[in-house]
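Chemist: For reference, the structure I am asking about is given below.
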Amino acid sequence: TPVNNLTTQMAQQEIATLQKRLTDYGVAYYEEDAPLVEDYIYDAFYARLVLLEAQFPQFVTPDSPTQNVGGAKVKSGLAKVVHPAPMLSLGDVFSLEELQEWDERTTKTLGFQSEYNLELKIDGLAVALTYVDGKLVQASTRGNGSIGEDVTANVKTIRSIPQTLTEPITIEVRGEIYMPKSSFATLNKQREADGLEPFANPRNAAAGSLRQLNVAITKKRELSAFVYYTADPDAIGVTTQSGALERFAALGLPTDDHNRVIATMADIDAYIAEYTSQRERLAYGIDGVVVKVNQLDNQLDLGHTVKIPRWAIAYKFPPEEALTVVRDIEWTV
Ligand code: NMN
């Protein structure tokens with residue numbers, strides 16, 4: 001039903017149903033690393049909930065999936081870590097028109113057209129890495145954004161993450177842990193041979209492999225990582241997102257070098273088209289492109305909501321075979 005034709009009662013009913021359904025999907029995805037539905041289905045229900053809640057804000061509850069990051073409860077056995085700065089999610093859009101609208105809002109708030117840094121959206125799970133005097137001392141998952149899980153011992157088995165930086169600095173950096181496509185294929189083949197349930201996708205395989213109490217299992221899983229963010233840019237003397245990526249690389253941290261700085265929105269379309277066609281050829285899964293305001297002081301001016309920064313947006317690729325199915329989803333239940 002189009003939002004405009006809903007009665008208040010119908011909207012309340014549908015919002016409650018969507019909140020419950022998305023919460024259940026979230027538990028399966030974030031806590032059990034075993035999703036119940038494909039991401040594009042989750043995304044479609046989520047987008048519908050965002051639309052309804054915007055129209056009927058009186059039914060937004062504090063525990064709505066739109067108001068909470070991740071939702072993962074700390075896995076029993078893993079210690080809790082309080083994040084010094086919250087780990088947020090990302091807003092997403094599914095068309096170039098919506099991307100254009102995001103740019104217009106951003107430009108209006110800033111008062112000028114921002115430079116953007118484009119990055120590939122790696123299909124993995126977020127991790128925070130704390131280095132003290134250049135030594136890796138702690139690694140944690142995002143969890144609910146405020147409290148994550150301590151996965152330090154697990155992360156220390158990942159070869160691409162340095163235990164020592166090239167400079168003795170103290171900094172918390174964040175990035176994505178992922179499982180390369182080849183490792184994912186090998187792992188699932190082995191699991192099937194062993195009579196185990198295969199992982200649904202590389203993202204869930206990465207999450208399931210990292211969140212292990214037995215570190216020996218993580219070590220066998222061939223995980224890798226890319227670092228893309230720090231909440232302490234002053235610690236490395238950078239003023240732009242693209243500059244931060246260069247500094248991370250110089251410090252010995254793994255970075256994805258497919259990023260590109262653009263000055264006009266027209267260049268976004270070309271980048272998206274390029275990676276929509278090249279994604280098959282990459283060694284790791286990507287599910288979209290992230291557009292980030294490049295100047296860090298502009299990022300601060302834009303700020304964030306309870307869940308997402310206003311200075312970045314994810315453009316998600318259409319699902320590979322199932323575009324038409326999205327339109328056929330039965331919304332009301
Ligand atoms: O966890 P955040 O950063 O909010 O990212 C959300 C991503 O996780 C989206 O890509 C979404 O599609 C995915 N997700 C999928 C499910 C699922 O059931 N397939 C559940 C929750 C999130």
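Chemist: Search the stretch 185-200 for residues that are under 20 Å from Pro35 (Cβ atoms) and pair each with any residue that is polar (S, T, N, Q) and at pLDDT 95 or above when their beta-carbon atoms are under 7 Å apart and the residues are at least 6 apart or on different chains.
Modeler: What qualifies is Pro198/Asn188; Phe199/Asn188.
Chemist: Quick check: anything in the stretch 54-65 closer than 30 Å to Pro198 by Cα and within 10 Å of the ligand (Cβ to nearest atom)?
Modeler: yes
Chemist: Checking Tyr42 against (1) within 12 Å of the ligand (Cβ to nearest atom); (2) in contact (Cβ under 8 Å) with a residue 60 or more places away in the chain; (3) surrounded by 18 or more Cβ atoms within 10 Å (Cβ to Cβ): exactly one of these is not met. Which one?
Modeler: Here Tyr42 clears every test but (2).
Chemist: Please find, within the stretch 133-157, the residue that is surrounded by the most Cβ atoms within 10 Å (Cβ to Cβ) out of those that are part of a loop (DSSP other than H, G, I, E, B) and more than 16 Å from the ligand (Cβ to nearest atom). Explain how you work it out, then say what you get.
Modeler: Step one: filter the stretch 133-157 for residues part of a loop (DSSP other than H, G, I, E, B), giving 133-134, 142-146, 151, 156-157.
Filter once more, keeping what is more than 16 Å from the ligand (Cβ to nearest atom): 133-134, 151, 156-157.
Numbers: Asp133: 11, Gly134: 17, Val151: 26, Lys156: 15, Thr157: 19.
For the stretch 133-157, the residue satisfying everything is Val151.
Chemist: Can you find, within the stretch 70-85, the residue that is farthest from the ligand (Cβ to nearest atom) among those that are in a loop (DSSP other than H, G, I, E, B), of a type in the set (A, V, I, L, M) and modelled with pLDDT of 90 or more?
Modeler: Step one: filter the stretch 70-85 for residues in a loop (DSSP other than H, G, I, E, B), giving 70-79, 83-85.
Adding the requirement that they be of a type in the set (A, V, I, L, M) leaves 72, 74, 78-79, 85.
Okay, now just the ones that are also modelled with pLDDT of 90 or more, so 78-79, 85.
On the way: Leu78: 18, Ala79: 21, Ala85: 16 Å.
Only one residue tops the list, namely Ala79.
Chemist: Can you spot a residue in the stretch 227-243 that is surrounded by fewer than 17 Cβ atoms within 10 Å (Cβ to Cβ), within 16 Å of the ligand (Cβ to nearest atom) and free of Cβ contacts under 8 Å to residues at least 60 places away in the same chain?
Modeler: no
Chemist: Can I ask one more? When the residues of the stretch 86-125 are narrowed to those that are among the hydrophobic types (A, V, I, L, M, F, W, C), in a loop (DSSP other than H, G, I, E, B) and within 16 Å of the ligand (Cβ to nearest atom), which ends up farthest from Leu300 (Cα to Cα)?
Modeler: Among them, the one singled out is Phe94.
The values are calculated or read from the model by the stated rules, or taken from the named source; none is laboratory data. What you are looking at is a predicted structure, and each value in this text was computed from that prediction instead of being measured. Counting neighbours? That spans all protein chains shown, and the Cβs are built from the backbone with ideal geometry, glycine included.
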